Every structure is written in structure tokens, then in C-alpha cells.
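Below is one structure, written out as C-alpha cells; comments come after it.
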Amino acid sequence: MSDEIQLPALYLKRGEDTRLRAGHLWVFSNEVDVQRSPLGGFEPGQACVIADSRDKPIGVGYVNPNSLICARLVSRGIEHALDRSLLVHRLKVALALRERLYEEPWYRLVFGESDGLPGLTIDRFGDVLVAQTTTAGMERLKDAITEAALKVLKPRQLWWKNDASIRSMENLPAYADLGYGEAVAAPLIVREAGLEFECDPVGGQKTGWFYDQRGNRDHLRALVKGKRVLDMFSYLGGWGIRAAAFGASEVVCVDASQSAVDAIGRNAQRNGFGDRVSAVRADAFDYLKALREQRERFDVVILDPPAFVKRKKDLAEGRIAYRRLNELGMQVLERDGILITCSCSYHMPRASLLDGVQQAARHLDRQAQLLVDLQQGPDHPVHPAIAETDYLKGFVLRVLPA
Ligand code: SAH
């Protein structure tokens, strides 16, 4: 069966094809028939045909014998190997969605499994691409990915931002470098809602910008005119500078990173809000406590922290951290205030975040009203069979005296 495309077969045990047939793309190592296809016989990242116990092919994927998720399905057809032409096709399909959704080429172009490319994300910043692989299979395809991206998008530069901590689960090293094009000294510019932000794909967080929150920031429009806004964990000022653009009278951005704080200053200037936006380097929890002591109050408080629950076993601790953070956020809110609170932890359930908010409100004798549910933007589509692709949750709440 694999004669046509010359790939070794990875055989599943009886019944272990059910999840893949229902739409999932992952194979766990205990599902493999290692008598017939010993995992040790595969190199990390090697392409294979994934087949059920009756030899029926499910599709083409790649293996990592050293990982708990030991294979991922890339294509349900078995006519094509994992090659440039498949990548070109996938990129075109991904691009078609983004071109329908957005007027300008600033978005997440590829969101891994959800775009049929497990282990690959690509963010687009105009004619610059910032790509990240998280699996050995995608790492092996780097040259083909670069060629496919050149064919479909003709970028000026392609960066590899391969320093995500999950890469260690696949024994991949952390690095960031230029994969194609010429390095230039000028900062990379993100355009969002008519504003410009400078970011840094190599030294910055993730791939440089949090596109997943773009649509959520639109909600500020109705909420901030003439108001004092506090943007906690502001990174480059995505929320705070949008708030200034929607007419906030004063915006305070807080982040623990000095380079982020410096960039917020430049981004505020660049967009003409230097007089209304200030940026402070501080630990969020310490800063909120200090504001509380000083009886400072804001009309709108935005809490968009990094993931507090990176692994499932951190959930209990993470729940407490989210609750504490939200309580501190409410303590610096005006009597009739707006709280925007988010979690990008996949392992933190949406309901738990809301529970924490409600508990915090009761503890402070305040009443919360949920106005809007937030989720990741459509350039981060959710794969309905893969819960892990649905990670960002948040709420816009009004918080009143009880
Ligand atoms: N709100 C941002 C994204 C936030 S990413 C946006 O919309 O683009 C998380 C940010 O939190 C990072 O910039 C990181 O530097 C910052 N951070 C992490 N821990 C922190 C802490 N304890 N106090 C303040 N900032 C912190």
C-alpha cells in the first residue's frame, strides 16, 4: 500500500484509529502496534503512512519516536508525500481564509493543526513572515516550508522563531534566526486597525505580536471614550494604545519587560498618543497592590497575562493566581467599572476563569455583569476535534457595587 509514495508504515493497534477517523490528527505512542512497526525504527520527524490494524491507510503524517505524541497526520490522502507541493496547497488554502477576513496582510497565516499543518505556525507582517516549528516533523520540512512560502507569498524575509519551550518535548533546540532574505536594522511594523506598532520577531515574545487578541481589542471602542484605562501585561501596548485611539483620556500600560516598556513609549509616539499613554516597568501583582494602597482608580482595567497554567498539573495553583489577579484588578476599578480579563492557558477552563472572577467580586462585595465572551480571532481557527486549539478565553465585565 505504501509502494506508490515510498513511505514506511506506522501501524496502529486495533481500534486505535477511531480518534483519527473522527477528525483528530495525533497518535499517542501507546496506540502504535510496535510489533509491526517499532517506533525505534523511525527517525525523529520521518514521514510515514499511518495505517489501521487491517492495513487500511488513514493518511500521511510524520513520526517522532521520542515524543508522547509520536505521530501527527498531515494529509488524509496517500497520493502525496509531505513535500513542497502539499505545503504550497496548504498555504494557499490558509491564505484564502485570511484574505477574506482581513484587508491588510497582517495576521496569523498558519495556525498548526487547524490549518492542516500540525507543528507549524506562521505569522505574517506584510512582506515579512515569522515562522515557528514545534515538532521534529515540521523541523525537517523547514527548507520545503521556506520554498513553499516563497512561491505563495514572495516575502522579503522569513524568520524562524524556534524558541518555544514545547520544542523541548520533541528534543528540538531553541534558536531564532533569519531563514530567508536580508537582515535590516529597522524594526518590524505591525499594522492593526489603522495603527502601527513596532515589534521584534527575534527578541520579542512569541512571534512578535499577539494577533489572537486583535478582534477582542475592538470591544474597547464602546467602553473607553474619556476614560482612564489600565492595561496590565501590556507587552507592546496592543490594548492600551488601541484604547488611546478610541479616545481614552489616560492610559497606563504595565509590563515586567523593560524592552516592552520602551517599545510602548515609541509606539505611543508613533501613533500620536505620547501625551496620553504612559508605560511602567513593574511586576503586575506588586503594581496593582501599590495602586490599591494609593487608592488609585481606573474606569477600565485590562488583564491579559501570560499563561499561568502551562501544564495540567499547575491548574490548582493557576486558578488561584487568576482569582488573585482579578481581585486586585477589581480593587483598582471605579465603582462602575469595566474589567476585561483573559487567559491564554489551554488548561484553564473558561468556566473556571469566570468562577474566579465571581468569587473575587463576592469577596469584595461587588457585583459583576458579563457583557461579552472573548475568544481567539478567526486567524487562529479552532479545530473542533482538537480541544488544544481552543486556548484563549476572556470576558468583558461590568463591575458594580453589590
Ligand atoms: N497584552 C499583550 C500580550 C501580553 S503577553 C497584547 O495584547 O499584546 C504577556 C506579557 O506579560 C509579556 O509582555 C510579559 O513581559 C508580561 N509579564 C509576564 N509576567 C509579568 C508580571 N509578573 N508582571 C508584569 N508583566 C508580566
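The values are calculated or read from the model by the stated rules, or taken from the named source; none is laboratory data. Everything numeric here is computed off the predicted structure, so don't read it as measured data. As a convention, Cβ positions derive from the backbone with ideal geometry for all residues, glycine included, and neighbour counts pool all protein chains shown. Keep in mind that these areas ignore ligands, DNA and RNA; they rest on the heavy atoms of the full protein, side chains included. Shrake-Rupley method; radii C 1.70, N 1.55, O 1.52, S 1.80 Å.
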Which condition number in (1) closer than 30 Å to Val74 by Cβ; (2) part of a helix (DSSP H, G or I) is the one that Gly377 fails? (2)
Just the residues that are basic (Lys, Arg) and open to solvent by less than 10 Å² (accessible area, probe 1.4 Å), please, taken from the range 90-149. Arg98
Could you please tell me which pairs satisfy a Cβ distance under 7 Å, a separation of 6+ or placement on different chains, a first residue in the range 97-113 that is of a type outside the set (A, V, I, L, M, F, W, C), and a second residue that is open to solvent by 30 Å² or more (accessible area, probe 1.4 Å)? Glu104/Arg191; Pro105/Arg124; Tyr107/Arg124; Glu113/His383
Could you tell me which residue of the range 176-199 is nearest to the ligand (Cβ to nearest atom), considering only residues that are surrounded by 16 or more Cβ atoms within 10 Å (Cβ to Cβ) and acidic (Asp, Glu)? Glu192
Does Leu172 satisfy being more than 16 Å from the ligand (Cβ to nearest atom), open to solvent by less than 40 Å² (accessible area, probe 1.4 Å) and among the hydrophobic types (A, V, I, L, M, F, W, C)? yes
